[in-house]
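The values are calculated or read from the model by the stated rules, or taken from the named source; none is laboratory data. Everything numeric in this text was worked out from a predicted model, so none of it was measured. Here the Cβ positions follow ideal geometry from the backbone for every residue, glycine too, while neighbour counts run over all protein chains shown. Heavy atoms of the whole protein, side chains included, go into the accessibility calculation; ligands, DNA and RNA do not. Shrake-Rupley method; radii C 1.70, N 1.55, O 1.52, S 1.80 Å.
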Amino acid sequence: MIKSFFISLLLACVVFSAPSFAGGQHDFSFKVSRGDAFYKFFYSAGLSGKLLTKLMTSDPRAQRLNNIYPGDKFEISLNDNHALKQIIFNPANDNPLFINYDGKRFSFEKSNIQPVGDVSFTVITINKSLNYDAKKAGVDAEVVKMMVDNFSWEIDFSRDLRKGDRFFLSWEGEKTPSAMIYISGRKTIALFSHKDSLGRKKYYSANGETLNDSFKFAPVKYNRISSGFSLRRYHPTLKTYRPHRGTDFAAPSGTPVYAPAKGLVKYVATLSGYGNVIYLKHGSEYVTVYAHLSKFAKGLKSGKRVKKGELIGYVGTTGMSTGPHLHYEIRINGVHKDAEKVKLSKKSIVPNAEMASFQKRAKQILTKLKIK
Ligand SMILES: [Zn+2]
């Protein structure tokens, strides 16, 4: 399609000599289908091949019009004399390109802000599961994964979702939503996209913070690291070499242990090796483990949400342990990581200078959705 564009263009210039079947219309909207080329839309608006050549040779950015894909949109506006005024090229996965024409020359402007008013919504109503109901609503698996990765910091998808809960996705011409909003009878979580200085899109709540949390290095005030992460360590109790897939923080029995980031209590158990142990889940990827505890914090049980810095238990030497210490593990997608080396989740914040426009856009989306 792209390579043949110029050939088609030449032929088209010969065959059509600027037919004016545009009638009295001034504004034209087009959506690209398979096999479409930009010149077709140009001619449909009653514009000439000569003007098209002028446009295509006016600026290197015009070449962008040769790379169009199904789902991309065009708007062509004419003035009262039916002469070209403006072309808005709105690709499905990029910011819009505005091309203005003053009768003599073309000017190009790429916008970082989606035009307001072109917002569409998808509603996913939970009936079976997010995966199932999202697919039914026509939402890509990739977008569903992104929803899970973000919302898992506040929602436990395996137990919190109820029949009738809804997810609203707003779209503004990109492959990923401009907002993702969860609404249930119990809570509403609204996330809005924002691009950082490197152009990476992240989702922030209306106060400008991502839902994920930053981790504290150690969940306990410790004297020293008595044993680091190692794939081959001499085990004093078992008298054999075994991997040590955690970090041991030496501290007196009874020293409080705190959640290093917000999370969900997955298990509270007493096991033979780990002794009294807690598993916390943070978002969709992280699990942290706290072993050999002397006791658990009051009221701690699986399903409870904990805040960063919340007391979860106390250092001890239960299970297979030679002395009081906290055995701490970090697992990412099930893989044990070295707490002293691993790069962990970090909360992002919308920069101050961009906060006002970010919050204005968030408000506009909520208004369109009729959510307050
Ligand atoms: Zn250990």
Within region 136-150, take every residue that is among the small types (Gly, Ala, Ser) and in contact (Cβ under 8 Å) with a residue 12 or more places away in the chain and give me the one that is surrounded by the most Cβ atoms within 10 Å (Cβ to Cβ). ALA137
Provide a single number: the residues in region 235-261 that are assigned to a strand (DSSP E or B), open to solvent by 70 Å² or more (accessible area, probe 1.4 Å) and within 13 Å of the ligand (Cβ to nearest atom). 1
What pairs come out if I take residues in region 67-90 that are among the hydroxyl-bearing types (Ser, Thr, Tyr) and pair them with residues that are at pLDDT below 90 and in a strand (DSSP E or B) whose C-beta lies under 7 Å away, six or more apart or interchain? SER77/ASP27
For region 343-360, which residues satisfy the criterion of being closer than 22 Å to LYS308 by Cα, in a loop (DSSP other than H, G, I, E, B) and either open to solvent by 80 Å² or more (accessible area, probe 1.4 Å) or out of contact with any strand residue (DSSP E or B) (no Cβ under 8 Å at 6 or more places or on another chain) (or both)? LYS343, LYS346
Whether any residue in region 151-174 is open to solvent by 20 Å² or more (accessible area, probe 1.4 Å), within 16 Å of the ligand (Cβ to nearest atom) and either acidic (Asp, Glu) or under 27 Å from LYS262 (Cα atoms) (or both) is what I want to check. no
Of ALA141, ALA190, ALA134, which residue is closer than 19 Å to LYS347 by Cβ and not assigned by TED's automatic domain parsing to the domain that holds ASP72? ALA190
Restricting region 306-342 to residues that are surrounded by 15 or more Cβ atoms within 10 Å (Cβ to Cβ) and modelled with pLDDT under 95, the one nearest to SER226 (Cα to Cα) turns out to be SER321
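Looking only at residues in region 267-278 that are open to solvent by less than 60 Å² (accessible area, probe 1.4 Å) and more than 15 Å from the ligand (Cβ to nearest atom), which one is farthest from ASP160 (Cα to Cα)?
Checked region 267-278; the qualifying residue farthest from ASP160 (Cα to Cα) is ALA269.
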For region 328-338, check the following and say yes or no: at least one residue is at negative phi, assigned to a strand (DSSP E or B), touching an Asp or Glu at 6+ places or on another chain (Cβ under 7 Å) and of a type in the set (A, V, I, L, M, F, W, C). yes
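The rows are residues; the columns are (1) outside any strand (DSSP E or B); (2) open to solvent by less than 60 Å² (accessible area, probe 1.4 Å); (3) aliphatic (A, V, I, L, M); (4) more than 16 Å from the ligand (Cβ to nearest atom).
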| site | (1), (2), (3), (4) |
| --- | --- |
| VAL289 | no, yes, yes, no |
| LYS301 | yes, no, no, yes |
| ALA362 | yes, yes, yes, yes |
| THR367 | yes, no, no, yes |
All conditions in (1) surrounded by fewer than 19 Cβ atoms within 10 Å (Cβ to Cβ); (2) assigned to a strand (DSSP E or B); (3) away from the ligand (no atom under 16 Å from the Cβ) are true of LEU264 except (1)
Considering residues that are under 20 Å from LYS281 (Cβ atoms), open to solvent by 50 Å² or more (accessible area, probe 1.4 Å) and free of Cβ contacts under 8 Å to residues at least 40 places away in the same chain, the number found within region 183-234 is 2
